[in-house]
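Trainee: Right, I'll just put the structure down here and ask away after.
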């Protein structure tokens, strides 16, 4: 196994539930609960789960946009969870983020050249204004936009084009890791495919590693080499993308896969329809967090928390019953 | 809900204490000799000395503040420098007038502003909406004392519709209250309008229409209650500016209320009276905010279960 | 984005695009021009001396003349030209109004920004402080302030007119500065609250998160991301705050703690004219209309700007 | 005559020269008990078409500029307000995309459902009927839920309440405007399953608006694909999904990532979805079309029945390999 670019160890993120200013909150939202995984250089790891499962928080905690409560985030041998102030800011050029909402992720009052150029300014990557302009233009070309549009404002672009600007901003500092937080879920289907392909191309060209966060399993499957499935703040299954999608071991993954809408009218799959809703992460169920909705739950699932154990090489499942 | 109100109550107390602290420093820590104001500019040194002793004017400000707060804790607001009357008593005598004036005004403008706001929102961009906007903006720009003087002259003095002169009975409050209402109605009509416009664009109003609900039902049942939520908040916060307006109205119409008392005490440099009136109006504002909070939980169920 | 000519060009375009804003701006411009030109007009005898006691200004019974009789807007009880006094009054009102607005904006934006951006205990403390200021009616607070800053036990008028009023021609005097501070200091809390709410909204937007992910410093976040996005709100609020500060200044004048006679202050003029209301109503009406017009102009400007810039805040 | 027939519908936003043509000549028909899917990307005019059936678009800015919408032979566009109120809810009920925002936050859900009953079936406006409806849409412990406020329910439960409210007056047509888009994948599956069940049970017609081709096959009898304010292809669901004829439909289906595909690159449609008001001349899809010819930018092709029951707006359509 090669040296990992990023290694997350027992990461926990908790938010206190809003309470009065004088009463100390005793309840916590356990957004991320004891999560460990690693990403190798140039690899894409997909992170799938439903809303509220903590996948966005995990993505943000990895690059310290959210403060971890406990655990380590080791990036190139350095624990990011311990870094502070200027030291952290200097490290930031090595890992970047692409956001979900192409309308909220670009400053509406800045021109494209400044949105992308800001990255260069912060890390002093352009010695003069000519170099800055040339770099911005070449970045725009890289993401498939017309360099002459650099002086425009974000509202002059379509959703897909805005997302490309966001990608150019992330690329500007030549990061080694990009956390993609649902980068295509706000886009039209025909534009989604363009962005997914662009991300693939950029990865091959620059050797960037991705942590690709999404709720759409089909998109994640397409771009990732490995997949992490998350439920209520925990990872319930991980493995090679193809293996996880073809033979899911955890009952939650199975349900998730069967729920993916399929265009082909000939595939007569039996759908597994899960009963009930995702429980609140403030008071997660005892035992296996999935047991109230699980079609195969047994008595011990209500009391014993299943460990994430290896069922096959490179395959881990957190279920008592998985083989 | 109960914990929320208790927390709120606790914070109100802290706010009031802070207000007392601030006002006391403001009123007492400034240069100038209060004794000269009390005794007049020609007073002898002995008299001044005596006054200094009587009112502890030579003590450090913080010590006097301490005394004042202890006094406050016993419910004592002190005595006027000028008339030696108990401040609390002076305020309580004048409070009913101010209370009657303001409540009458509130009823008047709310009764006018809500239908105006709803109708202008329903018939957006019509001539009716535009006229209301102009009138509302003008009403927002009127100086209270000037409007009061003009109305008093035209309606009471010239036309004789209202009694002129000193305050005798409740009827005499109609014109002053109407003046106050005119000053506030424009702002509130626009506030209701803005919120109604937003609510009328909301998805649940579309859903109500999709159900087949009539336009009246949509406006007054589905939309209005939601639109009133921010208006009620504003109403609580605006009590302070309302009291500011009251001050001028009472002054022009020579009504024996708190506002007039405040003006007199400022002109006389009557420190305990200034402190008293400021603290009293601050208490009113804080109290009003508290009531609004209560109303809020009732009007918006999302708040109630938030804690 | 920094403030540059482009910004002013944009503002001009926004103002021109909205009929309301344009009307307001035009009225304000007119008042400003009149106020600026007043001394020149007086020197050219186009305008009477606002302070000249003149027996010609009184009729046979020694009462003020009504408009038209040699005086465009009549004369007051001392035979002074009302038109001239109103125009000179604009100098006081506009200067105090705008300067107090700037004071209030400076404090309000700073408090709101710090409170919204840093949150936590600082936010709690600042917002409590703001609330304390909001609990006292601003006119009452201003009164307590103004009248109590005394000297030798006498009320020291903070107003410029404690000095000869025409000192306004020259430089800012200490008294003038204090009245800016007083009115400014009682006008900031509302601004602080709204700015804070705006900052809280903008701060959670993803572009701010993106800037943080790039390692942007707090200064950069404030200057490049937060301020440009709350600027439209601040400008609208500033216009409306000016309307309020002018009203407040007139109110202080009316209560007799503003400019003492004989200085031309709109509020004071109304107080002085009140006893003659029955026979010479123009003494009350004219300065009142001047106040209403000025305040209205600022309110209308604010409203127009809000209409014009509002929707762009939510793209 | 079909139960619902839309003929050459034109809907503009704004007036005269500045008008944006959101819907341009849409014709549809629907028989009782059938399910029709209207598929399209953002700005295609699918939601606008759906809302116009009960004239729910806010007007202004929306202008019904032409065409007719016949419900049981009566033209909705010329109905008086009272008549329209009978149609809304009574004949045509709606379920919207965001259940959280479509339920009034200040009223209990029991009362909101009861209001729908009071408006159209006052004789049964009782708690018992509301409970029956809540049970029908699969809400656990309906008695306790009567007194809940919308914010106390999860997104999936809120959507079930919306469906119960829509079903309360026993409408003949249920218009579901992207009913699952705002929901999680596993909850989406629940809601689609529920709609399929209810249709079998109650026999009403369904008009489903969606951008997701994947849920079409589960529920629809017929499909209409919209692009830039026009229908580009119409036909029976099974046939259309198996053998899409219009180049847009083909490209759209290919660009959806599949779980079982092994291809490295997704096939894409170049360019972006045209903005409302900036629709290209001629065939509106021609700038993005892979088989476009020179005359596509001039002549606007009509919607033609190319094969029995298969309507296509493209003269150069090809059958996919």
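The values are calculated or read from the model by the stated rules, or taken from the named source; none is laboratory data. Everything numeric here is computed off the predicted structure, so don't read it as measured data. With ideal geometry, Cβ positions are generated from the backbone for all residues, glycine too; neighbour counts draw on all protein chains shown.
Trainee: Can you name every residue in the stretch A:161-181 that is within 13 Å of chain D (Cβ to nearest Cβ) and under 21 Å from residue A:46 (Cα atoms)?
Mentor: Those that are within 13 Å of chain D (Cβ to nearest Cβ) and under 21 Å from residue A:46 (Cα atoms): A:163, A:164.
Trainee: Here's another thing I want to ask about it. Among the residues of the stretch A:117-127, is there at least one that is in a helix (DSSP H, G or I) and more than 10 Å from every other protein chain (Cβ to nearest Cβ)?
Mentor: yes
Trainee: Do you know which residues across the stretch B:209-225 are facing another protein chain (nearest Cβ under 7 Å) and surrounded by 21 or more Cβ atoms within 10 Å (Cβ to Cβ)?
Mentor: B:209, B:210, B:211, B:212, B:213, B:222
Trainee: Hey, could you check the stretch A:183-200 for residues that are surrounded by 23 or more Cβ atoms within 10 Å (Cβ to Cβ) and not in a helix (DSSP H, G or I) and say which is nearest to the other protein chains (Cβ to nearest Cβ)?
Mentor: Selected residue: A:188.
Trainee: Right, another one. Among the residues of the stretch B:3-29, write down those that are within 12 Å of chain A (Cβ to nearest Cβ) and touching a residue at least 24 places away in the same chain (Cβ under 8 Å).
Mentor: B:3, B:4, B:5, B:8, B:9
Trainee: Kindly list, by first and then second residue, each pair from a residue in the stretch A:56-80 that is within 12 Å of chain C (Cβ to nearest Cβ) to a residue that is assigned to a strand (DSSP E or B) and surrounded by fewer than 17 Cβ atoms within 10 Å (Cβ to Cβ), limited to pairs with Cβ atoms under 6 Å and residues at least 6 apart or on different chains.
Mentor: Short answer, once both residue conditions are applied: none.
Trainee: Now a separate question. Name the residues in the stretch D:52-79 that are modelled with pLDDT of 85 or more and within 11 Å of chain B (Cβ to nearest Cβ), would you?
Mentor: Result: D:53, D:54, D:55, D:56, D:57.
Trainee: Quick test of your reading of the structure: residue B:84 fulfils all but one of (1) farther than 15 Å from residue B:261 by Cα; (2) over 24 Å from the mean Cα position of the chain (by Cα); (3) without any contact (Cβ under 8 Å) to a residue 24 or more places away in the chain. Name the failing condition by number.
Mentor: Single failed check for residue B:84: (1).
Trainee: Could we say that residue D:160 is modelled with pLDDT of 90 or more, surrounded by fewer than 17 Cβ atoms within 10 Å (Cβ to Cβ), more than 10 Å from every other protein chain (Cβ to nearest Cβ) and closer than 18 Å to residue D:191 by Cα here?
Mentor: no
Trainee: For residues in the stretch D:202-223 being out of contact with any helix residue (DSSP H, G or I) (no Cβ under 8 Å at 6 or more places or on another chain) and not in a loop (DSSP other than H, G, I, E, B), which is farthest from the other protein chains (Cβ to nearest Cβ)?
Mentor: Of everything passing the filter in the stretch D:202-223, D:205 is farthest from the other protein chains (Cβ to nearest Cβ).
Trainee: In addition: Kindly indicate which of D:101, D:125 is under 24 Å from the mean Cα position of the chain (by Cα) and within 18 Å of residue B:213 (Cβ to Cβ).
Mentor: Testing whether each residue is under 24 Å from the mean Cα position of the chain (by Cα) and within 18 Å of residue B:213 (Cβ to Cβ) leaves just D:101.
Trainee: Still on this structure, please answer the following. Tell me whether the stretch C:7-20 contains one or more residues that are at pLDDT 75 or above and surrounded by 15 or more Cβ atoms within 10 Å (Cβ to Cβ).
Mentor: Within the stretch C:7-20, one or more residues are at pLDDT 75 or above and surrounded by 15 or more Cβ atoms within 10 Å (Cβ to Cβ).
Trainee: Return yes when residue D:176 is more than 13 Å from chain A (Cβ to nearest Cβ), in contact with a helix residue (DSSP H, G or I) (Cβ under 9 Å, 6 or more places away or on another chain), crowded, with 23+ Cβ neighbours inside 10 Å and outside any helix (DSSP H, G or I) and no when it is not.
Mentor: It is true that residue D:176 is more than 13 Å from chain A (Cβ to nearest Cβ), in contact with a helix residue (DSSP H, G or I) (Cβ under 9 Å, 6 or more places away or on another chain), crowded, with 23+ Cβ neighbours inside 10 Å and outside any helix (DSSP H, G or I).
Trainee: Can you pull out every residue in the stretch B:115-168 that is within 12 Å of chain C (Cβ to nearest Cβ) and closer than 30 Å to residue B:205 by Cα?
Mentor: B:125, B:130, B:133, B:134, B:135, B:136, B:137, listed by residue number.
Trainee: Within 12 Å of the chain's Cα centre (by Cα) and at pLDDT 85 or above, is that true of residue B:283?
Mentor: In short, yes.
Trainee: Related question: Any idea how many residues of the stretch D:275-300 are within 12 Å of residue D:248 (Cβ to Cβ) and part of a loop (DSSP other than H, G, I, E, B)?
Mentor: Qualifying residue count for the region: 7.
Trainee: When only residues in the stretch B:248-260 that are within 11 Å of chain C (Cβ to nearest Cβ) and buried (at least 24 other Cβ atoms within 10 Å of the Cβ) count, which is nearest to residue B:2 (Cα to Cα)?
Mentor: B:258
Trainee: Kindly indicate which of A:285, A:281, A:248, A:289 is assigned to a loop (DSSP other than H, G, I, E, B) and within 12 Å of another protein chain (Cβ to nearest Cβ). Spell out how you get there, then give the answer.
Mentor: On the way: A:285 fails: within 12 Å of another protein chain (Cβ to nearest Cβ); A:281 fails: within 12 Å of another protein chain (Cβ to nearest Cβ); A:289 fails: within 12 Å of another protein chain (Cβ to nearest Cβ).
The conditions single out A:248.
Trainee: Name the pairs whose Cβ atoms lie under 6 Å apart, with the first residue in the stretch D:187-202 and surrounded by 19 or more Cβ atoms within 10 Å (Cβ to Cβ), the second assigned to a helix (DSSP H, G or I), and 6 or more positions between them or separate chains?
Mentor: D:187/D:156; D:189/A:259; D:191/D:159; D:192/D:215; D:192/D:218
Trainee: Considering B:266, B:291, B:278, which residue is more than 9 Å from chain C (Cβ to nearest Cβ) and in contact with a helix residue (DSSP H, G or I) (Cβ under 9 Å, 6 or more places away or on another chain)?
Mentor: Of B:266, B:291, B:278, the one residue that is more than 9 Å from chain C (Cβ to nearest Cβ) and in contact with a helix residue (DSSP H, G or I) (Cβ under 9 Å, 6 or more places away or on another chain) is B:291.
Trainee: Residue A:222 versus (1) at the interface with chain D (Cβ under 10 Å from one of its Cβ atoms); (2) touching a strand residue (DSSP E or B) at 6+ places or on another chain (Cβ under 8 Å); (3) assigned to a helix (DSSP H, G or I): which is the lone unmet condition?
Mentor: (2)
Trainee: Considering only residues that are more than 14 Å from chain B (Cβ to nearest Cβ) and modelled with pLDDT under 85, which ones fall in the stretch C:120-147?
Mentor: C:120
Trainee: Which is within 14 Å of chain D (Cβ to nearest Cβ), under 30 Å from residue C:133 (Cα atoms), at pLDDT below 90 and touching a helix residue (DSSP H, G or I) at 6+ places or on another chain (Cβ under 8 Å), of B:228, B:173?
Mentor: Of the residues listed, the single one that is within 14 Å of chain D (Cβ to nearest Cβ), under 30 Å from residue C:133 (Cα atoms), at pLDDT below 90 and touching a helix residue (DSSP H, G or I) at 6+ places or on another chain (Cβ under 8 Å) is B:228.
Trainee: Just to be sure before I move on: is residue A:296 assigned to a loop (DSSP other than H, G, I, E, B) and at pLDDT 80 or above in the structure I sent?
Mentor: Spelling it out, residue A:296 is indeed assigned to a loop (DSSP other than H, G, I, E, B) and at pLDDT 80 or above.
Trainee: A further question follows. Pick from B:100, B:43, B:90: which is without any contact (Cβ under 8 Å) to a residue 24 or more places away in the chain and touching a helix residue (DSSP H, G or I) at 6+ places or on another chain (Cβ under 8 Å)?
Mentor: Just one listed residue meets the conditions, B:43.
Trainee: Does the stretch C:238-260 include one or more residues that are part of a helix (DSSP H, G or I), more than 11 Å from chain B (Cβ to nearest Cβ) and at pLDDT below 90?
Mentor: The answer is no, given that none of the residues of the stretch C:238-260 is part of a helix (DSSP H, G or I), more than 11 Å from chain B (Cβ to nearest Cβ) and at pLDDT below 90.
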